[in-house]
1. When a/c reaches 1.5 or more, the comparison of a/b and b/c decides; with that in mind, is the range 117-243 rounded, prolate or oblate per its Cα gyration tensor?
2. Ranking request for peptides 244-251, 168-175: highest mean number of other beta-carbon atoms within 10 Å first, then the rest in descending order.
3. Computed from the mean reciprocal separation of all distinct C-alpha pairs, what Kirkwood hydrodynamic radius does the range 257-339 have, in Å?
4. Taking springs between alpha-carbon atoms closer than 10 angstrom, which of 102, 203, 307 fluctuates most in the Gaussian network model of the chain?
5. Once you order the gyration tensor axes a ≥ b ≥ c over the Cα atoms, which shape class does the range 141-199 get: rounded for a/c under 1.5, otherwise prolate or oblate by comparing a/b with b/c?
6. Tell me whether the range 187-339 comes out rounded, prolate or oblate; compute the Cα gyration tensor, take square roots of the eigenvalues as a ≥ b ≥ c, and use a/c under 1.5 as the rounded threshold.
7. Could you compute the FRET efficiency for residue 190 and residue 318, with r as their C-beta to C-beta distance and R0 at 35 Å, rounded to 0.05?
8. Any chance you could give the angle, 0 to 90 degrees and rounded to 10, that helix 265-275 forms with the longest Cα principal axis of the chain?
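Read-outs throughout are calculated quantities, based only on the coordinates presented, and are distinct from any laboratory measurement. Quick caveat: nothing in here was measured; it's all calculated off a predicted structure. Neighbour counts run over all protein chains shown; Cβ positions are idealised from the backbone, glycine included.
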Amino acid sequence: MRRVAPLALPILIVVVVLLAHRWWWSGAADALVVYCAHDSIFSRSIIDDFEAQSGLEVDLRLDNEATKSLALTERLIAERDRPVCDVLWNNQWLGTADLAERGVLAPYRGPGYERIPARFRDAEGRFAGFAARFRVYIVNTGQMPADAASVETALKGDLSRLAVARPLWGTTLSHYAVLWAQYGGDWVRTWRDDWQRRGVVERGSNGTVKSLVADGTCRLGLTDTDDFFVALDAGAPVDMVPVRIEERYVCIPNTVAIVAGTRRLDRAQRFVDYLLSEHVEMLLARGPARQVPLGPVDDAALPDQVRRMRSWVDFAHDLRPMTAARGEALAWLKAELLR
């Protein structure tokens, strides 16, 4: 017994390690890791539906409402050599395009990719768009009319009751990128300085902007259609006017992409095809966010509000050439706001 006892501890350690290794690969590690920038109130039900249909487990990892899209893209860049994430569900086209150019994403052209129009997908198959939002002015109808002429007049004067989100992240950054691509950096810098001088209320997120207008603190704000519908459904006295830049709408799709180096490729591909399906686009169109399908769907089955916005898609800015503009705008904004 004295001769055998010294071997007991090493053997026990080996057994424990093997059992832990088996648990890691058969249990927690089998879950598909999805980084998601889409608000959990909208995305969680979609994940639940996928798990129920597929029998697969999803480890959904979210970030905070204000900074999530930028934080997730920067996390993926940091993890590029040792990826943790399998699939990115981003709500910012340009942030996903930046990751594609950095080699973070893997190409996949499955049936979901094929049903999305070419202008809303990466030509090399590294990501595709679906279920879009639009940039809009949210208007407190108790304080001003909700029409394009009234908004234009309001933007010419005092802006102390106009709310916007900080432009370092989210769709506000995408909005800046579109302006940068259309008019150049000098114009954007001058424009922002002018709005600051006239007292624009700059806060953390689109959700905050929505709340400021809904409660009457501000009469007008720049936000997205999903936040507008949250306020409308809560009974706030609000309406929306779409943002137009050079007579085109600012359309910002959700995007989905597989992370290069994933160990769960088959499951990642199933999830991508699921998100890019007509089924999911209709779920998101009928949900509280009223997101606009980009692929073919039964238009007659869409809610009236979504059908109206679907007509804007053909007149939306093409974001594909704007990745460089986003990078330049973001570099300037970081220097401006984080100094």
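1. oblate
2. Top of the packing list down: 168-175, 244-251.
3. 15.9 Å
4. 102
5. It is prolate, given that a/c is not under 1.5 and a/b is the larger ratio.
6. oblate
7. 0.90
8. Orientation of helix 265-275: about 30 degrees from the principal axis.
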